[in-house]
Amino acid sequence: MQYPLGVRRDGSYYTRIEWASHTESDPTFWVVNLIRDDTERNGGTWGAHTEGPADVVLSFFGEEQTVSRIRIFRNVGLDISILDELARTIDIYFSDTDEPRRLRRKEDAIDSVPWNFIMRVAMEKAEGWQEIELPAPVKAKYLRFVLVNNHNDENTRETARGWTETSEIKIYP
């Protein structure tokens, strides 16, 4: 069976990371793990060294695609990581223009580009895949994911060390 150009065997789109507000030099926390098929502990996580927010912009290699469903793998990376570090809330935005291409360096302001809000997602405090159905399909060139906060509360603030984590993001028509 042949798949359309830009679509994986599982039906998700190939995506490219265009910009991120947070990434780390440790390979187990690289933002590039958002588009890799590595969802194991001790690898395959985007650990943003902040309690939030942390932004990432994904594209479809310059193409516009219809998006109606997103799957996010919740993962906290290292064996010593705790589930309180998982992203609790994720905001999703889209752009159907080429303006996000202006984002190039860490000094660039994410809000200097106009974004269309899609939805706020409450993430479960568990590892594994979480399905997100969009309220309506959108035609997007770029998607922006904002890890708003983590599962810290006053009882865990000392142990969660200020990380907000998730892992692979898959986008579907």
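The values are calculated or read from the model by the stated rules, or taken from the named source; none is laboratory data. Fair warning: this is a prediction, and the values are worked out from it, not measured in the lab. Every residue, glycine among them, receives a Cβ derived from its backbone with ideal geometry; neighbour counts consider all protein chains shown. Protein only, heavy atoms only, side chains kept; ligands, DNA and RNA dropped before computing areas. Shrake-Rupley method; radii C 1.70, N 1.55, O 1.52, S 1.80 Å.
For an R0 of 22 angstrom, estimate the FRET efficiency from the Cβ-Cβ distance between ILE80 and ASP38 and round to the nearest 0.05. The value I calculate is 0.75.
Relative to the present Cα-Cα distance, how much length would full extension add between ASP10 and ASP108 at 0.36 nm per residue of separation?
Numbers: separation 98, 0.36 × 98 = 35.28 nm, distance 3.41 nm.
Stretched fully, the ASP10-ASP108 segment lengthens by 31.9 nm.
Taking a ≥ b ≥ c as the square roots of the Cα gyration tensor eigenvalues, the chain comes out prolate, since a/c reaches at least 1.5 and a/b is larger than b/c. Using +1 at the Cβ of each Lys and Arg and -1 at the Cβ of each Asp and Glu in the stretch 1-86, identify which of LEU58, PHE29, THR45 lies farthest towards the dipole's positive end. The residue sitting farthest along the positive end of the dipole is LEU58. Here the accessible area is traced with a 1.4 Å probe on the protein chains. For the stretch 1-133, carbon and sulfur cover 48 percent of it. The lysine pair tally for the chain, using Cα distances under 23 Å and a gap of 8 or more places or different chains, is 4. Here the contact order of the chain, divided by its residue count and restricted to Cα pairs under 8 Å and six or more residues apart, works out to 35 percent.
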